[in-house]
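Written out below as structure tokens is the structure these notes cover.
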Amino acid sequence: MAGDFDRFVGPLDPAALIVTAAVEGERSGCLVGFQAQCSIDPPLLAVWVSHANHTHGVAARATHLGVHVLSDDERELAELFGGTTGDEVDKFERCRWTPGAFDVPLLDDCPRRGVFEVAARHDVGGDHDLFVLAPVDITTGSTGDTALRIGAMDIEPGHPVPPE
Ligand SMILES: Cc1cc2nc3c(=O)[nH]c(=O)nc-3n(C[C@H](O)[C@H](O)[C@H](O)COP(=O)(O)O)c2cc1C
């Protein structure tokens, strides 16, 4: 069934995001492929974060999250945030970032980014929690409209989801 499901969803190939969070001086962030716009008015974005990730422990306590839409030339950030875990390394020592509104860490090298308020968080019964996010302060910079696709990457997750 798992192989069938992987083949079923394979063509969906979502764009790659990096979700960041900071609470009481602790920072975290990870690569996210489970994401979708989920409302037009009001505008809302849904992202799903694995219970296993370091990011989950920080994001679950945060009122606001940073969201970054990666473009094709931002693969290094994808490797840092998707291929390493905050349980072992400080990713923010390895990239350029600036605190945004509500102290949310924003990655300087990803111009299409924003601060979002956590409007809701739900345990959906799987191994990832749903965060529903409302934009507070977003910028698109001068990047083009092409996003880095999850299917175009070959990154071993820094924090694999353990078997249930
Ligand atoms: C291609 C790819 C897509 C990923 N998609 C998600 C995702 O949608 N949600 C999530 O929580 N983790 C996702 N991950 C896993 C995390 O980004 C990865 O395990 C990361 O190292 C976790 O870092 P952390 O422990 O510091 O939070 C993905 C990883 C890769 C390589």
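Annotations for the structure displayed:
- Residue that is farthest from His128 (Cα to Cα) [pool: residues in segment 53-87 that are surrounded by fewer than 14 Cβ atoms within 10 Å (Cβ to Cβ) and more than 9 Å from the ligand (Cβ to nearest atom)]: Asp73
- In segment 22-45, the residues that are over 22 Å from Asp103 (Cβ atoms) and at pLDDT 95 or above reach residues that are within 15 Å of the ligand (Cβ to nearest atom) and among the basic types (Lys, Arg) with C-beta atoms within less than 9 angstrom, at least six apart or across chains, in these pairs: Gly33/Arg149.
- Contact map, segment 146-158: residues that are within 12 Å of Ser71 (Cβ to Cβ) paired with residues that are small (Gly, Ala, Ser) and more than 9 Å from the ligand (Cβ to nearest atom), Cβ distance under 7 Å, separation 6+ or inter-chain. Pairs shown: Thr146/Ser71; Ala147/Ala15; Ala147/Ser71; Leu148/Ala15; Leu148/Ser71; Arg149/Ala15.
- Put simply, of Phe116, Phe102 the only residue that is on the phi > 0 side of the Ramachandran plot and aromatic (Phe, Trp, Tyr) is Phe102.
- Of all residues in segment 98-125, those being within 16 Å of the ligand (Cβ to nearest atom) and touching a residue at least 60 places away in the same chain (Cβ under 8 Å) number 7.
- All conditions but one from (1) closer than 18 Å to Val161 by Cβ; (2) touching a strand residue (DSSP E or B) at 6+ places or on another chain (Cβ under 7 Å); (3) of a type in the set (D, E, K, R) apply to Asp108; the one that does not is (1).
- Phe116 being part of a helix (DSSP H, G or I) and of a type in the set (Phe, Trp, Tyr): no
- Residues that are small (Gly, Ala, Ser) and away from the ligand (no atom under 13 Å from the Cβ) were ranked within segment 23-52; the one that is surrounded by the most Cβ atoms within 10 Å (Cβ to Cβ) is Ser39.
The values are calculated or read from the model by the stated rules, or taken from the named source; none is laboratory data. All values reported here derive from a predicted model rather than from experimental measurement. Please note: Cβ atoms are built from the backbone with ideal geometry, for glycine as well, and neighbour counts cover all protein chains shown.
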